[in-house]
Amino acid sequence: MEPLQPIPIQAILAARERIAGAAIRTPLVRLNVLDGPEIYLKLENLQPIGSFKIRGAGNALAAMGRERLERGVYTASAGNMAQGVAWCARLLGVRCRVIVPETAPETKLAAIQRLGGEIIKVSFDEWWQVMVNHGHPDIDAEFVHPVSDPEVMAGNGTVAIEILEDLPDVATVLVPYGGGGLSCGIASAIRAVKPEIRVFACEVATAAPLAASLQAGTPTTIDYTPSWVDGIGSKSVLAEMWPLVNAVLDGALVVPLEAVAGAVRVLAERNRVVAEGAGATAVAAALAGLAGEGKIVCVISGGNIDAAKLGHILLGEMLGTHPPEPVKAKAQSGRGRRTAAARAAAAPANAQPEPEASVAPAAEVPTTAKAPRKRATRAKAPAGA
């Protein structure tokens, strides 16, 4: 497969028109924390399926045309993309099958079946290989890649258009990183319209292949540890995504599981927002001070979390964690952009957030700026941006 290029702004604007009947325009609200950085929340957990995936899935299926859709569609997903494809397939009246890893949570599996999706459960390694191979040899249908399909990324990029319209003076956008489809879609739009805005991917320490790859300067395989943060994380960066993440992202920020749990609690207690672990990862990075100064937008990518897990987190019981050692978080890029390093301190079990803080404060972190990246040519901004 040829290396992917940044998604053209025209394709993202076209996607916005295509998905208007499926996805909603989600609100952008201020995080109700008195001290610390000025953080805003892009609430993609309020989409009909509880995540942003309806945008990419809707655009990909709409772009296929009726003849291709008649073969049926399938995808590989831990749950959210599966729901997006199943939702849109049901609207279009086509068959949908979903290959899921054996670690997929029951809440998401039940939602897939409720939407008419047929579940095919495989091992995590086999599931990942389907994404690497862009399909399964035994399934005769149209494969919707959850990450590297340009139409999927164009749909995801519509999130950025709404952010730019609602908060034109945003300084930094933080995006959960699973495979890069959301972060690269958003970054493609921002690079075209306001290239001075920084876009960082956010990972959890138990599954952070992008940070490791950026630090090494080449795609790197890591030791992947499954956890309750099931919507992001893998063993490696997809090969076709590597040139694109280097071209459009400013780096990767890594936070420990304890900080993500703290962010889930803060979102629920301060804003009455239910976020899954992946959706809270960007907030954990922002609260830890990893995003720098200025207005920060955190993309709350989804809210599909098992009720039992949410209950444990709200009670201060950490799930699937190891001893709370500090985790170094580095942001690097292949274009000589800004880098950042940080240690996010772990929140102690059973601790409730203090009035002025949401998670345990991060240690003071040196930030190193490399040679400024070249500014992309500014495209015509969408109305209101």
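The values are calculated or read from the model by the stated rules, or taken from the named source; none is laboratory data. No experiment lies behind these values; they were computed from the predicted model shown. When we count neighbours, we look across all protein chains shown, and the Cβ atoms used for this are built from the backbone with ideal geometry, even at glycine.
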Given the conditions (1) touching a helix residue (DSSP H, G or I) at 6+ places or on another chain (Cβ under 6 Å); (2) surrounded by 17 or more Cβ atoms within 10 Å (Cβ to Cβ); (3) free of Cβ contacts under 8 Å to residues at least 60 places away in the same chain; (4) more than 30 Å from Leu167 (Cα to Cα), every one holds for Glu142 apart from (3)
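How about the stretch 69-174: which strands (runs of 3 or more DSSP E) wholly inside it have at least 3 residues that are over 22 Å from the mean Cα position of the chain (by Cα) and aliphatic (A, V, I, L, M)?
Answer list for the stretch 69-174: 118-122.
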Tally time: how many residues in the stretch 20-64 are among the aromatic types (Phe, Trp, Tyr) and touching a helix residue (DSSP H, G or I) at 6+ places or on another chain (Cβ under 7 Å)? 1
Among the residues of the stretch 13-37, the number that are surrounded by fewer than 21 Cβ atoms within 10 Å (Cβ to Cβ), modelled with pLDDT of 95 or more and over 20 Å from Gly185 (Cα atoms) is 3
Gln113, sole failed condition from (1) at pLDDT 95 or above; (2) in contact with a helix residue (DSSP H, G or I) (Cβ under 9 Å, 6 or more places away or on another chain): (1)
Residue in the stretch 61-83 that is touching a residue at least 40 places away in the same chain (Cβ under 8 Å), of a type outside the set (D, E, K, R), more than 29 Å from Pro226 (Cα to Cα) and crowded, with 24+ Cβ neighbours inside 10 Å present: yes
Would the stretch 213-229 turn up any residue that is within 22 Å of Ile7 (Cα to Cα) and either surrounded by 24 or more Cβ atoms within 10 Å (Cβ to Cβ) or not assigned by TED's automatic domain parsing to the domain that holds Ala291 (or both)? yes
Filter result (free of Cβ contacts under 8 Å to residues at least 60 places away in the same chain and closer than 25 Å to Ile197 by Cβ) within the stretch 249-308: Val260, Ala280
Long-range neighbours under 6 Å by Cβ, at least six apart or interchain, first residue within 20 Å of Lys309 (Cβ to Cβ) within the stretch 230-241, second among the charged types (D, E, K, R) and in a loop (DSSP other than H, G, I, E, B): Gly231/Glu276
Is there a residue being of a type in the set (Val, Ile, Thr) and within 30 Å of Arg66 (Cα to Cα) anywhere in the stretch 198-216? no
Please enumerate the residues belonging to the stretch 148-171 that are touching an Asp or Glu at 6+ places or on another chain (Cβ under 8 Å) and either of a type in the set (Ser, Thr, Tyr) or outside the structural domain of Arg25 (by TED's automatic domain parsing) (or both). Ser148
